[in-house]
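Working notes for the structure below.
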Amino acid sequence: MPGADVVEPLPPEPFSVWWLVAALVAVALAVALVAWPWVAKLWRHKKKTPRSQDTSVAATPAELSLRQTLERIDRVEAQWKSGELTGRAAAHEIAGTVRGFTGSDATMLTLLELRMRGNLPSLTALIEEAYPVEFGVSGEGDIERLAERARQAVRR
């Protein structure tokens, strides 16, 4: 084609390194955003204390000896006396501690199920006394008496 202008391609534009850095940062942020739930879960899991040192009430007899159980009951009673725990919270802790000491599936049974089984009479009696306080039916309750009954229940 006579008279047509021939267009020559232009040389490539120089590539800036900052675009590469920005792309790498964006990818890293996307990976961190996706991985964050798993990292947080692992981090929380590693921060937990062993069950034998945990203040929760669920433990097996191997993890919670008689001495530790009695100490825990004394500690809860002292916290109640000092006002750190309400009567309801103290009753819950004491009942849970004794349930954990007895082991098996006692930590998961309701009062009705404990009554129906009939194989843990001292625990059943303690739970019967703790239930009204634990569930807020009868006010603060007598935590000193409940603690003493709990000590007797675990010593049997």
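Here are a few things to note about the model shown:
- When Lys41 is tested against the conditions (1) within 21 Å of Ser122 (Cβ to Cβ); (2) modelled with pLDDT under 85, the lone failure is (1).
- Residue list for the range 65-86, filter: farther than 16 Å from Val98 by Cβ and not hydrophobic (A, V, I, L, M, F, W, C): Gln79, Lys81, Ser82, Gly83, Glu84, Thr86
The values are calculated or read from the model by the stated rules, or taken from the named source; none is laboratory data. What you see is a predicted model, and the numbers here were worked out from it, not measured in a lab. So basically every Cβ, Gly included, is an ideal-geometry build from the backbone, and we count neighbours across all protein chains shown.
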